[in-house]
Amino acid sequence: MNYEQIRFETGEGIARITLNRPDRLNSFTAQMHGELRDALARVAADTGVRALLLTGVGRGFCAGQDLADRAVAPGAAPVDLGESIDRHYRPLVLTLRQLPLPVVCAVNGVAAGAGANIALACDLVVACKSASFIQAFCRIGLVPDSGGTWFLPRLVGNARAMGLAMFGDRISAEQAADWGLIWKCVEDAAFAATVDTLMLQLAQASTRGLAAIKRAMHASEGNALAQQLDLERDLQRDLGFGADYQEGVAAFLEKRPPRFSGR
Ligand code: T3D
């Protein structure tokens, strides 16, 4: 498939998906969703990919649904947004969560509406200082989707989640990091280099180990402590039988960097 609204590159164990409609702040169209689905399927199938980066071109990361991609107007025939969510946003969130490798969102500018929540669906979110986050849904009479009502209370607590969702205020990347909405806010000048370093580090780590961390962290959201302890035991048992653990321990004892085998 030829991509027009995203860029897709792989190399050094890293897949990079870049949303590429800068004149529309990389807002989602049906075409962009199709291209994203195709690229994510390629990532899932390519065992050489050990970490995925999602970012955007220009001054925005993503402004959510492109509000001009369909005809919405008073008096016009209503649009079935549930169909759009089932077809596009729900599978996108679940795919990002289920990929057995770390998914990093590098938020290079404003992230609004579903753009903000797709970022939150990634395992790690790093934003440049000039970036911002807006739960824009309330401004157009909608509910935060793409997992917003699930991610927000878990990340920042009910009080802040409710305020963000009901006022739709823009919060800075610094504030997002202070509140624990994202992992890190980085000075604009250091952003690209920081993201590159981070991606290389993840791509050279034990991919099976990171996939197990991802699985356990996400499972904890619905598990009781006893279930979580069982899951940790099962994952640890499995990893303990694997080559990466042997290599990690050998490298430690031999005082050298480990060479992990990948997916
Ligand atoms: O619909 C479904 O399928 C259900 C799912 C819904 C999920 C959703 O995401 S709903 C929420 C949709 N998003 C929004 O409501 C955000 C709309 N955008 C904004 O509020 C602002 O653009 C921002 C606050 C994000 C940024 O403001 P600013 O001043 O930095 O930029 P701007 O001038 O508003 O935007 C630049 C251009 O991008 C502008 O076009 P122009 O005037 O230069 O021709 C603007 O219209 C366009 N743009 C920005 N966001 C969208 C958009 N065009 C279409 N759809 C957008 N979402």
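The table below gives the values:
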| item | result |
| --- | --- |
| Fraction in percent of alpha-carbon pairs per bin - 5 Å, the range 134-263 | 2, 9, 12, 14, 13, 16, 14, 10, 6, 3, 1, 0, 0 |
| Cα centroid of the range 26-59 to Cα centroid of the range 217-263, whole Å | 28 |
| For the chain, size of Cβ-based charge dipole, Lys and Arg +1, Asp and Glu -1, in debye | 180 |
| Among ALA216, ALA173, ALA165: highest mean-square fluctuation, GNM of the chain, C-alpha pairs under 10 Å | ALA216 |
| Convex hull projection area averaged over all views, the range 77-206, Cα basis, nm² | 8.5 |
| Computed over the chain, Kirkwood Rh from alpha-carbon pairs, angstrom | 19.4 |
| Gaussian network model of the chain, springs between alpha carbon atoms under 10 Å - residue of GLY58, GLY248, GLY75 with greatest fluctuation | GLY75 |
| Residue-averaged 222 nm ellipticity for the chain, from DSSP H runs of 4+ at -39500 (n - 2.57), nearest 500 | -14000 deg cm²/dmol |
| The range 207-254: equivalent-ellipsoid semi-axes (sqrt of 5 x gyration tensor eigenvalues, Cα, Å) | 24, 10, 8 |
| Per-residue HN-Hα couplings for the range 32-37 [Karplus 6.51, -1.76, 1.60; θ = phi - 60°; Hz; x = Gly/Pro] | 4, 4, x, 5, 4, 4 |
| Phi to ³J(HN,Hα) by Karplus 6.51 cos²θ - 1.76 cosθ + 1.60 over the range 205-218, Hz, x for Gly, Pro | 6, 6, 5, 5, x, 5, 5, 5, 4, 4, 4, 5, 4, 5 |
| Dimensionless Rg over Rh [the range 44-123; C-alpha; Kirkwood] | 1.05 |
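All of the numbers you see were taken from the coordinates with simple rules; none came from a lab. These numbers come from a predicted model, not from an experiment. Neighbour counts are summed over all protein chains in view; Cβ atoms, including those assigned to glycine, are modelled from backbone coordinates with ideal geometry.
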